[in-house]
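Student: One structure coming up, written as structure tokens, with questions to follow.
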Amino acid sequence: MIKREEVYKIGLFNKPHGIHGELSFTFTDDAFDRAEDCDYLICLLDGIFVPFFIDEYRFRSDSTALVKLEGIDSTEKARMFTNVEVYFPVKYAEDSSPEELSWDYFVGFQVKDKHHGDIGTVVEVDQSTINTLFVLDKGGEELLIPAQEEFILKMDHKKRTMTVDLPEGLLSLEDVETLD
């Protein structure tokens, strides 16, 4: 069984395309660059992560592709995947640099600041504003920090930890103390 910590969200299947089972796929992470190592995608169906092998794909834009999954050969079968979240295995992304990954990859990472130490675990990524934010949780308290490559000093993919150097004043001592 595939566990939540073994995958990260890379996009969403939208709707069937054509009559041969192709799906329109909107993606936030170009997992296709790593497709030579991993020839499957994982779909969240009824709360269970289910792998599906990719027969073929073709890009429509920088963020959309048409994907044909193995065994899905009709519009009716493809319709079952409408609005289904698509995930990618973490193990195939471990050698990637931050700019190659979607921000959703970092959900579950423990975050430490260079000056303040442990500041929480990424529980969500907020992309609703122009500046993407990591939503961190530490002891039930929520903390928002900017998701910016230049703030990330190092990552340990295996331990799922990230060390950041946030700008001075972003985390005041009062904020850090209230999280304890």
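The values are calculated or read from the model by the stated rules, or taken from the named source; none is laboratory data. Note that the coordinates shown come from a computational prediction; the quantities given were computed from them, not determined experimentally. Here Cβ is always computed from backbone atoms with ideal geometry, including for glycine, and neighbour counts include all displayed protein chains.
Student: Find the strands (runs of 3 or more DSSP E) located wholly in region 1-91 whose residues include 1 or more that are at positive phi, and list them.
Tutor: In region 1-91, 7-17 are the strands (runs of 3 or more DSSP E) which contain 1 or more residues that are at positive phi.
Student: Restricting attention to region 154-180, and to residues there that are β-branched (V, I, T) and at pLDDT below 60, which single residue is surrounded by the most Cβ atoms within 10 Å (Cβ to Cβ)?
Tutor: Applying the filter and picking the extreme gives V176.
Student: Hey, among L41, L23, which residue is at pLDDT 95 or above and surrounded by 17 or more Cβ atoms within 10 Å (Cβ to Cβ)?
Tutor: One residue alone meets the criteria, L23.
Student: Now, a different point. With respect to D118, determine if the residue is without any contact (Cβ under 8 Å) to a residue 60 or more places away in the chain, within 15 Å of M155 (Cα to Cα), in contact with a Lys or Arg (Cβ under 6 Å, 6 or more places away or on another chain) and surrounded by 14 or more Cβ atoms within 10 Å (Cβ to Cβ).
Tutor: Taking the combined requirement at face value, the residue satisfies it.
Student: Take D95 and decide whether it is farther than 29 Å from I48 by Cα, of a type outside the set (S, T, N, Q) and at pLDDT below 85.
Tutor: no
Student: Limited to region 99-126, what total is found for residues that are in a loop (DSSP other than H, G, I, E, B) and more than 12 Å from the chain's Cα centre (by Cα)?
Tutor: Of the residues in that region, 3 qualify.
Student: Could you grab me the full set of residues in region 121-137 that are at pLDDT below 85 and surrounded by 14 or more Cβ atoms within 10 Å (Cβ to Cβ)?
Tutor: Q127, the sole residue that qualifies.
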